[in-house]
Amino acid sequence: MITKLVVSPEVLEYNFKPSVLEHGSEHIISRLSRHQIVLTRSIKEDFEVYFSARGINELLQGWLINNAHSNGSNISIEKVSPSAPEQNIYFHAHQEVSDSLLIGNFDRPVPRTFRYNSIEDIKKPKENLITLNDVQDILTKFGRLKKWFSVYETSIQLQIEENKDAQLLAKYLVNFLKGDNVEIQDAYLVSNPNNEKNFQEYIYPHIKGKNITIIIPTEDGAENKQRLIQKYKAVVKCYPKEKIHQSYIKTDLYRIDLGYRFDVFGTNGKTKREMIHIYRNH
């Protein structure tokens, strides 16, 4: 998932000056390129003062120009309300830009209601395995969230424990359901009633209105194809069961491998034990 990052100039400098390269800097550079840097008028002016003082303002200006002409820009230009003279412009931008992450080392304490990382935090690689407890911390807590990039940067291995909140899992997966096109493949979508029930309850509300394709076994198609077309306003394709064993949700940007299908959402709002893999499409 792409995050809007409100970064101090010391963080952005890693993009431009080889002399600041040090252990862990490759992770900072990668994240600056994978996510979107929030740019307000005040932040742009502060960047220019900072980089001019170090004799590398032309590198900043080149970066700004390149992103202005790029379809995949990693700059997010934001209009925010004027900040008070005594207010930290980066704190103010973080407050105004929803779902942003504040990154940097600042000359005053970061308020507890902010979500932030220090420079040392983003020098560290993401963890290979996360749990729903990690997801819950990122979705519900504030402060220094050290596992932010482990939770949101693909590829992700998500371990689902028994009897966890199924709605929490759905809320997390929504982050990877963006885009106009969604393809669902499930060999047991209709033959296991709990699979379709969970799809309808936890996934369909978030993809309703998109271009949906559902892939089911040929043997289930005769009885269910028209019903699925009408119910979900979807294109329904049928293939031999042995060719569609793997269950997944694929969007324009991501692929979610569901392990043992939508049954992972369990019954009565409680999950079943499973491993989910999330990848970015290439």
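A few points about this structure:
- Checked against the criterion of being within 23 Å of I276 (Cα to Cα) and of a type in the set (S, T, Y), the candidates T140, T113 yield just one match: T140.
- Among the residues making up region 231-249, those that are aliphatic (A, V, I, L, M) and part of a strand (DSSP E or B) are V235, V236, I249.
- Within region 52-63, restricting attention to residues that are at pLDDT below 95, part of a helix (DSSP H, G or I) and out of contact with any Ser or Thr (no Cβ under 9 Å at 6 or more places or on another chain), the residue that is surrounded by the most Cβ atoms within 10 Å (Cβ to Cβ) is W63.
Matching residues to (1) at pLDDT below 95; (2) surrounded by fewer than 17 Cβ atoms within 10 Å (Cβ to Cβ):
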position: P85; (1), (2): yes, yes
position: Y90; (1), (2): no, no
position: H94; (1), (2): no, no
position: L132; (1), (2): no, no
position: W148; (1), (2): no, no
position: L169; (1), (2): no, no
position: V174; (1), (2): no, yes
position: L177; (1), (2): no, no
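- Qualifying positions in region 16-46 - in a helix (DSSP H, G or I), at pLDDT below 85 and over 14 Å from E120 (Cα atoms): P18, S19
- Restricting the search to strands (runs of 3 or more DSSP E) fully inside region 74-118 and requiring at least 1 residues that are closer than 15 Å to E45 by Cβ gives 75-77.
Residues are listed down the side, and each one gets a yes or a no for (1) β-branched (V, I, T); (2) touching a Gly at 6+ places or on another chain (Cβ under 9 Å):
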{"site": "S73", "(1), (2)": "no, no"}
{"site": "E78", "(1), (2)": "no, no"}
{"site": "H94", "(1), (2)": "no, no"}
{"site": "V97", "(1), (2)": "yes, no"}
{"site": "L101", "(1), (2)": "no, no"}
{"site": "V110", "(1), (2)": "yes, yes"}
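- Among the residues of region 146-171, those that are free of Cβ contacts under 8 Å to residues at least 40 places away in the same chain and in the same structural domain as Y260 (by TED's automatic domain parsing) comprise L168, K171.
- Complete set of residues in region 230-281 that are among the basic types (K, R) and within 15 Å of T213 (Cβ to Cβ): K231, K233, K237, K250, R255
- Per-region count, region 96-113, residues under 21 Å from the mean Cα position of the chain (by Cα) and buried (at least 18 other Cβ atoms within 10 Å of the Cβ): 6
- Of all the residues in region 69-108, those that are among the hydroxyl-bearing types (S, T, Y) and under 19 Å from D121 (Cβ atoms) number 2.
- Residue in region 129-138 that is part of a loop (DSSP other than H, G, I, E, B) and either under 18 Å from the mean Cα position of the chain (by Cα) or farther than 20 Å from H35 by Cα (or both) present: yes
- Among residues of region 260-282 that are closer than 17 Å to Y172 by Cα, those with a beta-carbon under 6 Å from a residue that is in a strand (DSSP E or B) and acidic (D, E) at least six positions away or on a different chain give the pairs V264/E274; H277/D257.
- When restricted to residues that are under 19 Å from V182 (Cβ atoms) and at pLDDT 95 or above, region 225-246 contains 14.
- Among the residues of region 142-191, those that are in a loop (DSSP other than H, G, I, E, B) and among the β-branched types (V, I, T) comprise T154, V190.
The values are calculated or read from the model by the stated rules, or taken from the named source; none is laboratory data. Here the structure is a predicted model, which means the values were calculated and not measured. So basically every Cβ, Gly included, is an ideal-geometry build from the backbone, and we count neighbours across all protein chains shown.
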